[in-house]
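Okay, so here's the structure we're looking at.
Only the coordinates and a few stated rules stand behind these numbers; no lab work does. Just so we're clear, the structure is a prediction, and the values are computed from it rather than from any experiment. Cβ sites come from the backbone with ideal geometry, for glycine too, and all protein chains shown count toward neighbours.
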């Protein structure tokens, strides 16, 4: 599961626009668009700012990404 997909879901659930997210995060709308489409790498600091602007927990987002990736069978485990 891509982090970008989880961010898109969160933005949609909160009925926010990319411009609103960008303004709250202090990031350009163009950058937010690229992050949400998964076409630009995102730093931990930027991801944390996006999560805060959307109103979600950074830690919860990461846990959810790991959980969904494992459920999809895309998680590598040592010894496999």
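Some observations on this one:
- Expressed in units of 2.2 N^0.38 Å, where N is the residue count, the Cα radius of gyration of the chain is 1.14.
- Prolate/oblate/rounded call for region 1-41, Cα gyration tensor, a/c under 1.5 rounded: oblate
- Label point distance in nm, residue 24-residue 71, each placed 7 Å from Cα along Cα→Cβ: 2.4
- Taken along the Cα-to-beta-carbon direction at a fixed 7 Å, the label points for residue 44 and residue 31 span 1.8 nm.
- Percentage relative contact order, the chain, counting C-alpha pairs under 8 Å, at least six apart: 36
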